[in-house]
1. Could you pull out every one of the strands (runs of 3 or more DSSP E) wholly within region 176-280 that has 3 or more residues that are under 23 Å from residue 158 (Cβ atoms)?
2. What's the number of the only condition in (1) out of contact with any Asp or Glu (no Cβ under 6 Å at 6 or more places or on another chain); (2) more than 13 Å from residue 201 (Cβ to Cβ); (3) modelled with pLDDT of 95 or more that residue 247 fails to meet?
3. Look through 188, 194, 150 and report the one residue that is modelled with pLDDT under 95, open to solvent by 10 Å² or more (accessible area, probe 1.4 Å) and at negative phi.
4. For region 217-244, which positions are in contact with a Ser or Thr (Cβ under 7 Å, 6 or more places away or on another chain) and open to solvent by 10 Å² or more (accessible area, probe 1.4 Å)?
5. Between a residue in region 1-16 that is under 14 Å from residue 42 (Cα atoms) and any residue that is part of a strand (DSSP E or B) and of a type in the set (A, V, I, L, M), which pairs come within a Cβ distance under 8 Å, given they are 6 or more apart or on different chains?
6. Go through region 77-155 and tell me which strands (runs of 3 or more DSSP E), entirely inside it, have 2 or more residues that are over 30 Å from residue 54 (Cα atoms).
7. What's the number of the condition residue 84 fails, among (1) open to solvent by 50 Å² or more (accessible area, probe 1.4 Å); (2) touching a residue at least 40 places away in the same chain (Cβ under 8 Å); (3) under 24 Å from residue 272 (Cα atoms)?
8. For residue 287, indicate whether it is surrounded by 14 or more Cβ atoms within 10 Å (Cβ to Cβ) and either acidic (Asp, Glu) or not in a loop (DSSP other than H, G, I, E, B) (or both).
Amino acid sequence: MRAVLSKTPGGPETLVVEDVLDPTPKTGEVIIEVKAVGINYPDTLIIEDKYQFRPERPFSPGAEVAGVVEAVGDGVKGVRKGDRVIAVPGWGGLVERLAVRAETVIPIPDAMSFEEAAALIMTYGTSYYALKDRAQLKAGETLLVLGAAGGVGAAAVELGKAMGAKVVAAASTNDKVEFALELGADNGLIYPSGPMDKAAQKELSGEFKLATGRDGADVVYDAVGGDYADPALRAMDWNGRYLVVGFPAGIPSLPLNLTLLKSVSVIGVFWGAAVMRDPKAHAANMTELMQMYADGKIRPRVSQTFPLEKAGEAIKALGDRQALGKIVVTVES
């Protein structure tokens, strides 16, 4: 079978497509014939050895897959050949066939395409865990989303609205803000691209405050980091919750005196570790997300698709912050 492999640390240009042996299911495993692979920010990091996990090389990136169960190992119950499923292996997904533990697969409804399914778990799972479990977002509160047109940001916009919040979407271009407004955001603003000096940060904080209302944001969903973090923190309301999700613009240094003056909580969001530590809570969240999908409250937006041979281009497009919604690699056996 074909596999996209990382053989040496580096950017997307270092990835190669090679033929490797097909997997066989061990006890408790199933083989998924992969149809679609969601591309996520960790894919840009893991191939450069900058992620929390460093798999032994050669390995394939690709953290979430959708496909059809092709074979079932001994001892597997509740999963059958032919089932349409999603799985989140963490890496290894950019292949034609993948072995995973049977208890980790999630069935997908017939109405959901493989491309949508591959765009669902990591982005919506991360954002739902962040907003529901970490921030405990309440109906009527104000949510400011930074990076509102990317995968997790777009999911946060939709979920924030589904949870009854007022959602303010912030992004780097007019097209991205318009996209977030189409997802249901109540208000939006364009922030500057690139580094900002203190004066520009102060000005941006004023714009955040103006967009979120007199009292500021109750919850900030920060999937960007960098120079945008300080202005967002300054624009928060009393007892606000600042969600630390990702750092494509760099790891910020927050002025902790502001957290004291505003009684703001800075909350880390490590969804992958949370799934491993509390699989029952994760399963409950997935059930609720599937119901939201069935009710039409959320709908994964796939802005670009790439064939398996161009998976490196897909990862580069995401790393260059070109995505509106989700980028997906499609796999044809």
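1. 187-190, 217-222, 236-244
2. (3)
3. Selected residue: 150, the only one of 188, 194, 150 that is modelled with pLDDT under 95, open to solvent by 10 Å² or more (accessible area, probe 1.4 Å) and at negative phi.
4. Matches in region 217-244: 218, 234, 238, 239, 241.
5. Cβ pairs passing all conditions: none.
6. 142-146
7. Every listed condition holds for residue 84 apart from (2).
8. So residue 287 fails the test.
The values are calculated or read from the model by the stated rules, or taken from the named source; none is laboratory data. Since the model is a prediction, treat every value here as computed from it, not as a measurement. All Cβ positions, even for glycine, are placed from backbone atoms using ideal geometry, and neighbour counts span all protein chains on display. Remember, those area values only see protein heavy atoms, side chains included, never the ligands or the DNA or RNA. Shrake-Rupley method; radii C 1.70, N 1.55, O 1.52, S 1.80 Å.
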